[in-house]
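Bear in mind that the values in this text are calculations on the coordinates, not laboratory data. Here the structure is a predicted model, which means the values were calculated and not measured. All Cβ positions, even for glycine, are placed from backbone atoms using ideal geometry, and neighbour counts span all protein chains on display.
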Amino acid sequence: MKENIYLPSSLKNFEKIVIGSLRLLSDIDESNVYSAYSLIPLISQILGVNTPLMGTGDSPYSLVSAVFQMRKKQSLFDGLFKISLEERRKVIDEMYEMVAPCLLEEEGEYIELLLNTKYKYLLKNNKKNLIKEKKVLEDKFSLLAPVVEKNRSSQGDFAHMIHYGYPADLYREFSFLEKMPKALVKQWRDYSYPVVNEFIIRNFPVKNKKAKTAIKGWVLFVTNHTRELLESGSLRKRKILQAAKLARRMGARIVGMGGLIASFAQGGHWLSEQIPDMGFTTGHAYTIGNIMEILDNAAGRVNLDIRKATVAIVGAAGSIGSGCAKLLADRKPGRIILIDLNTFDALRKLEEVKNYIKNVCPDINVLLSINLRKLKKADVVIVATNSVASIIKKEHLKQGAIVIDDSFPKNVSERILRERKDIILLEGGMTRLPSSIEVLAARNMPDLMDIPLTRLVSCKETYSCVAETLTLGLYGYKKNYGLGQSDPALAKDIMTKARQRGFNSAPLQCFDEAVEEERFECVRKLVKQ
């Protein structure tokens, strides 16, 4: 059975499930259907493949409220359950994967992708079987495409785009890739479609009766990891634009960018030029504001006086790093060390940041450097780079240092946390959602290293860039918000807006765990010396 688990479902079973499930769902409230992604979890429950992920009986993704009406159609249930469980699972997986190309009207391209990669391997490149499967796929799309178009409501409040961090993340999500030859795996990754997770987040606190209490939208995962996106400009542009177009087709009003997508899209400007009728935001405004709050909270816990401290920023020429440096000027630290690459462009940007700081507070001592050894002098280190490797080493850090890592992937390894008990390492991106909210998800989130996405549901915590997107969704933004280099004024604006809707600081944490009190006590003693 293991060898056949990834073979496609039969057309007969696919047709029976699509038609039968839609007949069973004919009485549901269509106002709760925002896209075909709203329907698939219900079909999955009808087939006994999954139970509702979360939420109460009135969740649009739960069959609980519709079961009574469906019992009148018991014969339809019975017919569907005559199909094997393995076939039912295949159909659900296929439907999820087919929705995106349907929405983009790229059914033919998707069929060619499967025939040239996954099915080529599974069917042992048998031309007769591949021709037969092409016709089957075309017939499956003819069944699904009308369903996708009918349920395209164009009523989304937000979308948020992100990419995978590491090859291992992709292999966990798409386990069939492990068996395929490398050339076919690369071809599949180059032309595959985004993974889409639909969300409804409701019960936001309001002070104004006219304000939104619920928002709906999608998180779109570009199916490529950081390194390959960094290495190929054509690949990243094609895949990021594809995800943005998909968000527009689903009806998202504002689209946020996670990971390195903002950097890849020239601070979002390139995407805005490609799709001028949709709003974009980088998430950087909330991110730099949140990092400053983390810095304030951590410094307070160890009695560190920022006005006497040395703060170093690695990646200070970038959007996040430069934004943090500019916000730091308001806190008037004793010294700021700005570190970045030894390139003309980076050094020019460091000079610009230095001039900004000096204009705000001439008394601050600002040092520019390309040498990570300068970190040894820093009481606080903020790391915000796009390096795919962990560049911060334990020997770079002084005793009692507070390190805030906002890089993706991480630039400070978990090993340093184990080996250096005399430092505090903090996640730079997490923020807390309002305690009153209920998060309803249409499917499980991908399991990604360095990105604790499940905390959105389990702990009501999320990344700052996501929080910016959600906040703008609550305020009904349809135009561009924060593009290009991060803006300290926008940081203050978005933090004020978020606080008004119940967003707050998350507990100080790193690698999904709260910082132990022993670390705070150790650093507190070192600061006192």
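What does the charge count near residue 140 come to, summing +1 for each Lys or Arg and -1 for each Asp or Glu among other residues with Cβ under 9 Å from its Cβ? Show your work: numbers first, answer last.
Working: positive: none; negative: 15, 94, 138, 139.
Local net charge: -4.
What are the ³J(HN,Hα) values, in whole Hz, obtained from phi via the Karplus relation 6.51 cos²θ - 1.76 cosθ + 1.60 with θ = phi - 60°, for each residue of segment 223-231 in sequence order, with x given for Gly and Pro?
Each residue of segment 223-231 in turn: 7, 9, 8, 4, 4, 5, 6, 5, 7 Hz.
Taking 0.36 nm per residue of separation and subtracting the Cα-Cα distance, what length does fully extending residue 206 through residue 176 add?
On the way: separation 30, 0.36 × 30 = 10.80 nm, distance 4.58 nm.
The span from residue 206 to residue 176 would gain 6.2 nm if fully extended.
Collect residues whose amide H, placed 1.01 Å from N in the peptide plane, falls under 5 Å from the amide H of residue 163; neighbours closer than 5 in sequence don't count.
Excluding prolines and chain starts, which carry no amide H, the hits are 222, 260.
What FRET efficiency, computed as 1/(1 + (r/R0)^6) with R0 = 25 Å and r the Cβ-Cβ distance, is obtained for residue 266 and residue 391, rounded to the nearest 0.05? Please report the intermediate quantities before stating the final value.
Working: r = 24 Å, r/R0 = 0.95.
Taking R0 as 25 Å, the efficiency between residue 266 and residue 391 is 0.60.
Roughly how many nanometres apart are two label points built 7 Å out from the Cα toward the Cβ at residue 230 and residue 7?
For the pair residue 230/residue 7, the computed spacing is 4.2 nm.
Taking R0 as 60 Å, what's the FRET efficiency between residue 125 and residue 335 from their Cβ-Cβ distance, rounded to 0.05? Provide the component values of the computation, followed by the final result.
Working: r = 64 Å, r/R0 = 1.06.
E(calc), rounded to 0.05, equals 0.40.
Within a Cβ distance under 10 Å of residue 117, other residues only, what is the Lys/Arg minus Asp/Glu net charge? Show your work: numbers first, answer last.
Details: positive: 118, 120, 186, 189; negative: 112, 190.
So the environment of residue 117 carries a net charge of +2.
Beyond a 24 Å Cα-Cα separation, which of these cross-linked pairs lie in this structure: 212/460; 332/410; 90/134; 12/90; 398/525?
On the way: 212/460 19 Å; 332/410 28 Å; 90/134 17 Å; 12/90 13 Å; 398/525 14 Å.
Flagged as over cut-off: 332/410.
Helix 36-46: angle to the longest alpha-carbon principal axis of the chain, degrees 0 to 90, nearest 10?
Once rounded, one gets 60 degrees.
If I fit a long axis through the Cα atoms of helix 182-191 and take the longest principal axis of the Cα atoms of the chain, what angle between them do I get, 0 to 90°, rounded to 10?
That helix lies at roughly 90 degrees to the long axis.
Kindly write out, for segment 380-387 in residue order, the coupling ³J(HN,Hα) from the Karplus curve 6.51 cos²θ - 1.76 cosθ + 1.60 (θ = phi - 60°), rounded to whole Hz, with x marking Gly and Pro.
Once rounded to whole Hz, the list reads 10, 10, 10, 10, 8, 10, 10, 5.
Can you work out D for segment 73-188 in µm² s⁻¹ from Stokes-Einstein, where Rh is the Kirkwood radius over C-alpha pairs, the temperature is 37 °C and the viscosity is 0.692 mPa s? Kindly include the intermediate steps, with their values, before the conclusion.
Working: Rh = 16.6 Å.
Translational diffusion coefficient: 198 µm²/s.
With Cβ to Cβ distances under 12 Å as the rule, what net charge do the other residues near residue 376 carry (K, R +1; D, E -1)? Numbers along the way, then the final one.
On the way: positive: 373, 374, 377, 393, 394, 398; negative: 379, 395.
Net charge around residue 376: +4.
Enumerate the amide H contacts of residue 366 below 5 Å, restricted to partners 5 or more residues apart or on another chain; note that Pro and chain-start residues carry no placed amide H.
336
For the chain, what Kirkwood radius comes out of the mean inverse Cα-Cα distance, in Å? Write out the running numbers ahead of the final one.
Details: mean 1/r = 0.0406 Å⁻¹.
Taking the inverse mean of 1/r over all distinct Cα pairs, the chain comes out at 24.6 Å.
Relative contact order for the chain: what percent, with Cα pairs under 8 Å and sequence separation of 6 or more?
On the way: 981 pairs, mean separation 89.3, N = 529.
Result for the chain is 17 percent.
If you put +1 on each Lys and Arg Cβ and -1 on each Asp and Glu Cβ, how big is the dipole of the chain around its Cα centre, in Debye rounded to 20?
On the way: 79 positive and 61 negative charges, 66 e Å.
Value, rounded to 20: 320 debye.
Percent of Cα-Cα pairs more than 24 Å apart in segment 1-152, please. Can you show the working numbers first?
Values: 3959 of 11476 pairs.
Here the long-distance tail beyond 24 Å is 34 percent of all Cα pairs in segment 1-152.
Compare the Cα positions of 153, 411, 270 along the charge dipole of the chain (+1 at Cβ of Lys, Arg; -1 at Cβ of Asp, Glu; about the Cα centre) and return the one farthest towards the positive end.
Highest projection toward the positive end goes to 411.
Under the rule of -39500 (n - 2.57) per DSSP H run of 4 or more residues, summed and divided by the residues of the chain, what mean residue ellipticity at 222 nm is obtained, to the nearest 500 deg cm²/dmol?
-13500 deg cm²/dmol
Against the longest alpha carbon principal axis of the chain, how many degrees, from 0 to 90 and to the nearest 10, is the axis of helix 127-150 turned?
Relative to the chain, helix 127-150 is tipped by roughly 80 degrees.
Setting aside same-chain residues fewer than 8 positions from residue 421, which aspartates and glutamates have a Cα under 16 Å from its Cα?
Counting by Cα, and skipping residues close in sequence, residue 421 has these aspartates and glutamates nearby: 379, 395, 513, 516, 517, 518, 521.
Give the calculated FRET efficiency between residue 32 and residue 529 to the nearest 0.05, with a Förster radius of 51 Å applied to their Cβ-Cβ distance.
Numbers: r = 60 Å, r/R0 = 1.18.
Efficiency computed from Cβ-Cβ geometry: 0.25.
List the GluC sites (Glu not before Pro) in segment 74-132 that DSSP assigns to loop (not H, G, I, E or B) and whose Cβ has at most 13 other Cβ atoms within 10 Å. Which are they?
Working: sites: 86, 87, 94, 97, 105, 106, 107, 109, 112; in loops: 105, 106.
Sparse-neighbourhood loop GluC sites (Glu not before Pro): 105.
What residues qualify as long-range amide H neighbours of residue 404, i.e. H under 5 Å apart, gap of 5 or more or another chain, H built at 1.01 Å from N?
Here 381, 382, 383, 426 satisfy the definition.
Tally the DSSP beta bridges in the chain and give the antiparallel ones as a percent, rounded to 5. If you can, show how the numbers build up before the last one.
Working: 20 of 57 bridges.
Bridges in the chain that DSSP calls antiparallel: roughly 35 percent.
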